[in-house]
Amino acid sequence: MEEEPETPKIQKISVYTPIAYVAIILTVFIVFVKIYQKQQLKKKLARESLFDHSFGKDAYYKLASLDDPKPHDKLLKAAFLRKGSEIIRKTIKLKEYEPLILKLYVNGSINEEFYNNYKDEIRVQESELNSMVNEVESFKKGWTPKCFPLLQEITFNEAISKRIDSMDARRNDFLEIVNPTIGNGESTNNDNQAKGKKNKKK
Amino acid sequence: MSSSQYTYDENSETWPYFALSLAALVVIPTTISSIRSIVKHNQSSKRELQKNAKKLDQIKNFSKPYNYDHLQSFNSKFNSKNLYFNLKNLFNLFGIFLIFFLIRYINFKLANTDSTTSGIFDPFEILGIDSKSTEKQIKSHYRKLSLKFHPDKVDKSNLSQDEINKIEQTFININNAYKALTDDVIKENLEKYGNPDGIISVSRGIALPKFLIESQGFLLLIFYFLLIGFIIPFLVTKWWSNVKSYTKKGIHSKTAELFVKKILNYEPLTLMSPKLLISWLSNAEEFKIMFNNRLAPSKIQSLIYSYLDRSISTDKTDELNKLKIVSKLPTLLNGLIDIGSIVRSTDMVVSSITILKSISQAVPILNTQKQQLLQLPNVNFESVKLSNVHTLGKLLSLPKDQQKITLGISDDAKLDSTIEFISKEYPILKLLKAYFAVPGESVVPPNASSHLIIKVLVKSPAHHGNPNTQNFPSSLLHEVETMDSLRDPYKSTKSQPELPTAHSPFFPGTRKSNYIALLLLQKDGKLADPASTYENLSLQNLELSLDEYKSSINALNDNNDLDKNNKLIVGTFKIPLTQPTPPKPGNYQFRIRIFHSDYFGCDLDFPVIMTVEEPKIEEQTDQYEIEDPDEDSLAGVMAQLRGEKVKKSANDSDSDSDSDSDLDSSLEEEEEDWSDINTDTEDEAEPETKPVSKK
């Protein structure tokens, strides 16, 4: 503090210097944000669906895009119902697993990226449901209140038929674990899986 | 702002200290940790050696694992963590050298700096007198010294310039000291600031060596620029992406993602079989990283199966890859068990445990139920597959020639050591008692956090005689509740000895065995709680001879607790329930499955009923109730506004009477209050003593 009273040198600075400084910082910041957002968007677009490839959706859009020999209205409707029931199945499944995914995330068993993916998937399915409402109206005005219970019924029927279909596969899998030659007198031990006891929820 | 207050460390006075403390901060902890790990390793290996001395005696009769050579080469390549010569120790050594160098440097510096100019100014010391000296003594001393050191009086002809300077400095010091002791102003300065000249200006130094700031700090600037601009962000992002890419359970986050996706897309009613899980596992990200995407999942799967079938291929790289894959599987399986526990899929967890056991013992999963025999040393797979025997107990009850045929062992010595091994190595669990407990309660109340206590008896397959739990002494079946157990109910399980490493000759690396306990709901067969693992259980009972076991078990079955012959130890599992007990009283059915992580045939499976009861209602139930607020108090006014009851204040009722009786009445009330509190404490003490006296 006890500096000699030197004649203070005053360096003249243009008025534009601070403005230029702020401008440079702002532009750098904006460019960074733009690049970051673009990358994030790219990532989200490249995100693979959590579900295996669905045939129904593809079939419907392919049929709907056909112009020259326009597909029969009933065929288009059938494809639409199939697509709709798939979306409903996925929505139900996502809702069902939502608390479990949250638990997995809290537990540290999955990372944040996957958790966010899951939330995105829910959003995607919701938007698909919403767009489906519009499509229903385009088929026939006032069909919506009838169509959705129908779709639900299809979904549940499908679920039952899937379970019935997989019975044989399940039996074969089970036989593969326990030796097929079993039944020669020895009792099975309890360390093998208790397979039959599974009640799968709908 | 005067920047002149900040000076760089031009004389290299402080930066070595700074560097020294920084280096010590890093090097000392790392050195201690590596020394500790070496000591620990040596101790544990000694213990293992002692423990295994007996085992080695048996094992010498075992045939070598079919993949012995490959295991050896694998271990030497990947599993040999050299405790003494590794990167960490090299780093430590370098750090220690650096510290020594810095200490030497500091010493060197200290020796070369003038000690008279620095340090605390003590006039008594300079004058060489006692601090209690009178003014007269000071004066005479000063005169003597000033005569001796006066620059004009000293003969300078033989002295160098340095020495002359030194003498001059001494003379100044002596003068200062004298002044300090005689002049009032200087004396005050000395007392206040520790210096005769008054306040010394404080200088703040930056502990950086001079060479860094030479050339106008250009070097420093570049260094800072690189450090802040590139090195630190790079290290942080690298560390963070590493943290992010692995989950808490140690599996790659993409693998975890894959498992969850598979569960989401899993067709209902498909069997969550070991086969399905192995196909999931072979797609794990870990293997893609391990082999740089060069090994297809189907190839990985076939390698896993060929390991389990103990078939050997002529291709050496195949064998090495096989061991690499297998050594990674337990981590992945633990991740699967973790995820399966949370989605409550019993099948998934049980199948994962089955794979874990099969990996440990290198026995096939598919098309067989004879893993109990296949896991034994010296056996021939083909003859076991042909036989009708499935369990260890059955095998031991057979005559010797039958055993030979069943196991396919022709050599007598080999058979004996195999049988001996069975009786000493495989712990069979017998359930004694399982009950739910809530710390500090005699019953299981609703909405309480409880745990399941399981008492088991460990016995070898060779031991005959089962415990009769009806007659068993109850002191062995019940946990005694102490203050300690109330604080940490799981302490007693952890104080049991640790489980030994499992016999897994085919597995690359050692397998530390443990128990995995599952708690299932009987109503839907799903997991009620995540799987819990236990590493502590006493296996001492396996060492008992057949007669010892028999006499002990007979004594216990006759409720003869104090028998000196009793050498049996009862083991305990305590499964914590993460969820509170159900809110309604009633019976709730559970199924418990306890798995050994490595051996087949050592598991436990039994039902348990949780009886939820309301705790006994004490006589004065309202002891914890909140009293109605006083009329006068703020709470009372609020309550009145809400239309609730309030207590009439004592003053109000007796407002007419004089102050004396007022005091009396309040005293009376106080007395009543005291009696209330007295009964309270009795009531509180009751539930604590009750359960203890009961048991």
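The values are calculated or read from the model by the stated rules, or taken from the named source; none is laboratory data. The model shown is predicted, which means the values in this text are computed figures rather than measured ones. Positions of Cβ are backbone-derived with ideal geometry, glycine not excepted, and every protein chain shown enters the neighbour counts. Calculation scope for accessible area: heavy atoms of the full protein, side chains included, ligands and nucleic acids excluded. Shrake-Rupley method; radii C 1.70, N 1.55, O 1.52, S 1.80 Å.
If you take just the helices (runs of 4 or more DSSP H) that sit entirely in segment B:139-223, which of them hold at least 3 residues that are modelled with pLDDT of 80 or more?
B:161-182
Go through segment A:19-38 and report how many residues are away from chain B (no Cβ under 14 Å) and either touching a residue at least 12 places away in the same chain (Cβ under 8 Å) or not aliphatic (A, V, I, L, M) (or both).
The total comes to 6.
Restricted to segment B:385-401, and to residues that are open to solvent by 70 Å² or more (accessible area, probe 1.4 Å) and in contact (Cβ under 8 Å) with a residue 12 or more places away in the chain, which residue is farthest from the other protein chains (Cβ to nearest Cβ)?
Checking each candidate, the answer is B:K400.
Can you tell me which residue in segment A:28-57 is farthest from A:K93 (Cα to Cα), limited to those that are open to solvent by less than 80 Å² (accessible area, probe 1.4 Å) and not aliphatic (A, V, I, L, M)?
The residue in question is A:Q40.
Among what's in segment B:258-274 and is outside any helix (DSSP H, G or I) and buried (at least 20 other Cβ atoms within 10 Å of the Cβ), pick the residue that is farthest from the other protein chains (Cβ to nearest Cβ).
B:M272
Would you check if B:K238 is of a type outside the set (A, V, I, L, M), part of a helix (DSSP H, G or I) and within 11 Å of chain A (Cβ to nearest Cβ)? Let's see the steps before the verdict.
Values: of a type outside the set (A, V, I, L, M): yes; part of a helix (DSSP H, G or I): yes; within 11 Å of chain A (Cβ to nearest Cβ): no.
Answer is no for this residue.
Just to be sure before I move on: is B:V243 within 24 Å of the chain's Cα centre (by Cα) and facing another protein chain (nearest Cβ under 10 Å) in the structure I sent?
Values: within 24 Å of the chain's Cα centre (by Cα): yes; facing another protein chain (nearest Cβ under 10 Å): yes.
So B:V243 fits the description; yes.
Take the residues in segment B:371-381 that are within 14 Å of another protein chain (Cβ to nearest Cβ) and farther than 20 Å from B:H463 by Cβ, then tell me which one is most open to solvent (accessible area, probe 1.4 Å).
Ranking the candidates gives B:F381 first.
For segment B:591-614, give me each residue that is more than 14 Å from every other protein chain (Cβ to nearest Cβ) and at pLDDT 90 or above. Lay out the reasoning, then the answer.
The first filter runs over segment B:591-614 and keeps only residues more than 14 Å from every other protein chain (Cβ to nearest Cβ), leaving B:608-614.
Within segment B:591-614, B:V608, B:I609, B:M610, B:T611, B:V612 qualify.
Name every residue in segment B:121-172 that is basic (K, R) and open to solvent by less than 100 Å² (accessible area, probe 1.4 Å), in order of residue number.
Residues satisfying the conditions are B:K139, B:K156.
Of the residues A:E135, A:E153, which is part of a helix (DSSP H, G or I), modelled with pLDDT of 90 or more and either over 19 Å from A:A78 (Cβ atoms) or not hydrophobic (A, V, I, L, M, F, W, C) (or both)?
One residue alone meets the criteria, A:E153.
Taking the options B:I359, B:I304, B:I355, name whichever one is within 14 Å of another protein chain (Cβ to nearest Cβ) and buried (at least 16 other Cβ atoms within 10 Å of the Cβ).
B:I355
Could you look through segment A:69-85, keep only residues that are assigned to a helix (DSSP H, G or I) and open to solvent by less than 40 Å² (accessible area, probe 1.4 Å), and pick out the one that is nearest to the other protein chains (Cβ to nearest Cβ)?
As a first pass, look at segment A:69-85 and keep what is assigned to a helix (DSSP H, G or I): A:73-85.
Remaining after also requiring open to solvent by less than 40 Å² (accessible area, probe 1.4 Å): A:76, A:79-81, A:83-85.
Details: A:L76: 27, A:A79: 22, A:F80: 23, A:L81: 21, A:K83: 18, A:G84: 19, A:S85: 16 Å.
Restricting to residues being assigned to a helix (DSSP H, G or I) and open to solvent by less than 40 Å² (accessible area, probe 1.4 Å), the top hit is A:S85.
Taking B:A434, is it outside the structural domain of B:L537 (by TED's automatic domain parsing) and among the small types (G, A, S)?
Criteria not met by B:A434.
Just give me the residues in segment A:129-182 being touching a Ser or Thr at 6+ places or on another chain (Cβ under 7 Å) and away from chain B (no Cβ under 14 Å), in sequence order.
Residues satisfying the conditions are A:L129, A:V133, A:V136, A:E137, A:L151, A:I154.
Assuming B:L277 fulfils every condition listed in (1) closer than 28 Å to A:I160 by Cβ; (2) surrounded by fewer than 16 Cβ atoms within 10 Å (Cβ to Cβ); (3) at pLDDT 90 or above apart from one, which condition is it?
Failed condition: (2).
With touching a strand residue (DSSP E or B) at 6+ places or on another chain (Cβ under 9 Å), more than 20 Å from B:K567 (Cα to Cα), in contact (Cβ under 8 Å) with a residue 24 or more places away in the chain and among the hydroxyl-bearing types (S, T, Y) as the only criterion, which of B:S504, B:S538, B:S513, B:S485 stands out?
B:S513
Return the total of residues in segment B:343-352 being buried (at least 24 other Cβ atoms within 10 Å of the Cβ) and within 9 Å of chain A (Cβ to nearest Cβ).
Final tally of qualifying residues: 3.
One residue is enough: does segment A:122-130 have a residue meeting the conditions in a helix (DSSP H, G or I), of a type in the set (D, E), over 26 Å from B:K249 (Cα atoms) and at pLDDT below 85?
The answer is no; no qualifying residue exists.
When B:L277 is evaluated against the numbered criteria (1) within 14 Å of another protein chain (Cβ to nearest Cβ); (2) more than 34 Å from the chain's Cα centre (by Cα), which criterion, by number, is the only one it fails?
In the conditions (1) within 14 Å of another protein chain (Cβ to nearest Cβ); (2) more than 34 Å from the chain's Cα centre (by Cα), B:L277 misses (2) alone.
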